[in-house]
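Written out below as structure tokens is the structure these notes cover.
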Amino acid sequence: MHDPNALRGIDLNLLVVLHALLAERHVSRAAARLNMSQPAVSHALGRLRHLFDDPLLVRRDGRLAPSARALEIGPALAEALRQVQEVLGPKGFEPADEKRTFRLAMSDYGSAVILAGLLRRLRVEAPGIDLVVTQSSRDGMLRHVLDGECDLALGVFPDLQKTLKARTLFIETFACLADRDSLEGFERLDLTAYLDRPHMLVAMKDEGGTEIDAALHAAGHSRRIALTLPHWGHAPRLIRGTDLVLTVARKALALQEMDPAFTVFPPPFPIQPFPFVQVWHERREADPAHLWLRAAVADASLSGPAPLPAG
């Protein structure tokens, strides 16, 4: 049997700090989560390392990574703290009282579709919650979630590791954008005219092929990419006055569909719709604040996109 007296010399608050450090993998963010100073959390980590006779979190490539011992005790620690909270009584999550920073990874397309509605809700219901938005490739965003650098990644992620959870926010389709004058009175391009045109591609440089080109290749076709750029926000305005065609997710063209200078039309070949999802690590699964954030993101995705800037 375990000796209950063995716990008398242990500050059990250290276990709460360890849980936050394993979740955040970042001293400053763990401090903010616990409403503690950074030096206090660093001091607690030193005491935890002495208590467990293990480094617990080690710096690798500029980040904190859990040791084998930390990975071993993490699930048991999380379960123990959950049971303690049940004994003490559930603590209700109050968005209006929460002081916390969440880090979201998304493209500017994701920002246009989600961020405006999410911010409106935060400012009304949770004014103490701050957001930091970052952008990288799909693989980069997932790495940040795995490493604890981001709370949520929003985008298109066909393959996920088993430690990552996902929820589909909506199913998106594709549309084409062209300068209306360049179409010479036509409302759309057929496949031959589409392939004869130069195209604009929006993609991070390390993302490889797109769903659009995969669909073309499957039908035995290819297109000429005259311009590749990484930002959705700049793409529509660059179409004006050119013969370029932009094929993108339809929600990205909310503003251009109302602009008489442009024509928005369906692609002249089939492209599979795709799910736009939010992804988080399983270690955040039961965090009440994180649960609320995920629900708020889901609600914002249903409120309709904010148009991308026309410039």
Handout entry: Criterion (closer than 30 Å to residue 210 by Cβ, in contact with a His (Cβ under 8 Å, 6 or more places away or on another chain) and not aromatic (Phe, Trp, Tyr)) met by exactly one of 153, 116
Key = 153
Handout entry: Scan of segment 29-44 for residues that are within 17 Å of residue 66 (Cβ to Cβ) and either among the β-branched types (Val, Ile, Thr) or surrounded by fewer than 18 Cβ atoms within 10 Å (Cβ to Cβ) (or both), ordered by number
Key = 41, 42
Problem - Any hit, segment 229-237, residues being among the charged types (D, E, K, R), surrounded by 19 or more Cβ atoms within 10 Å (Cβ to Cβ) and either closer than 30 Å to residue 196 by Cα or touching a residue at least 60 places away in the same chain (Cβ under 8 Å) (or both) - result: no
Handout entry: Subset of segment 115-152 [under 21 Å from residue 252 (Cβ atoms) and among the β-branched types (Val, Ile, Thr)]
Key = 133, 134
Practice task
Answer yes or no as to whether residue 251 is in contact with a Phe, Trp or Tyr (Cβ under 6 Å, 6 or more places away or on another chain) and more than 19 Å from residue 134 (Cβ to Cβ).
Solution key: no
Exercise for the section: Tell me which residues, restricted to segment 267-304, are surrounded by 16 or more Cβ atoms within 10 Å (Cβ to Cβ), small (Gly, Ala, Ser) and over 15 Å from residue 114 (Cα atoms). Expected result: 289
Problem - Evaluation of residue 100 against (1) of a type in the set (Lys, Arg); (2) outside the structural domain of residue 297 (by TED's automatic domain parsing); (3) touching a strand residue (DSSP E or B) at 6+ places or on another chain (Cβ under 8 Å) (one fails), failing number - result: (2)
Completion exercise
Of the residues in segment 88-125 that are within 27 Å of residue 140 (Cβ to Cβ) and part of a loop (DSSP other than H, G, I, E, B), the one that is modelled with the lowest pLDDT is 107
Problem - Qualifying positions in segment 266-289 - within 23 Å of residue 110 (Cβ to Cβ) and of a type in the set (Gly, Ala, Ser) - result: 289
Exercise for the section: From (1) surrounded by fewer than 16 Cβ atoms within 10 Å (Cβ to Cβ); (2) touching a helix residue (DSSP H, G or I) at 6+ places or on another chain (Cβ under 6 Å); (3) farther than 20 Å from residue 280 by Cβ; (4) not acidic (Asp, Glu), pick out the condition that doesn't hold for residue 123. Expected result: (2)
Exercise for the section: Take residue 140 and decide whether it is touching a Lys or Arg at 6+ places or on another chain (Cβ under 6 Å) and either in the same structural domain as residue 295 (by TED's automatic domain parsing) or aromatic (Phe, Trp, Tyr) (or both). Expected result: no
Practice task
Considering every residue within segment 127-144, establish whether at least one is of a type in the set (Asp, Glu), out of contact with any helix residue (DSSP H, G or I) (no Cβ under 9 Å at 6 or more places or on another chain), over 21 Å from residue 202 (Cα atoms) and outside any strand (DSSP E or B).
Solution key: no
Problem - Lone qualifier among 113, 133, 124 - being in contact (Cβ under 8 Å) with a residue 60 or more places away in the chain and either of a type in the set (Gly, Ala, Ser) or assigned by TED's automatic domain parsing to the domain that holds residue 284 (or both) - result: 113
Practice task
Report, by residue number, each residue of segment 105-114 that is of a type in the set (A, V, I, L, M) and in contact with a strand residue (DSSP E or B) (Cβ under 7 Å, 6 or more places away or on another chain).
Solution key: 105, 106, 114
Practice task
Name the single residue, out of those in segment 162-193 being touching a helix residue (DSSP H, G or I) at 6+ places or on another chain (Cβ under 7 Å) and not aliphatic (A, V, I, L, M), that is nearest to residue 277 (Cα to Cα).
Solution key: 167
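The values are calculated or read from the model by the stated rules, or taken from the named source; none is laboratory data. A quick note: this is a predicted structure, and the numbers were derived from the prediction, not measured. Don't worry about glycine lacking a Cβ; one is built from the backbone with ideal geometry, like all the others, and counts go over all protein chains shown.
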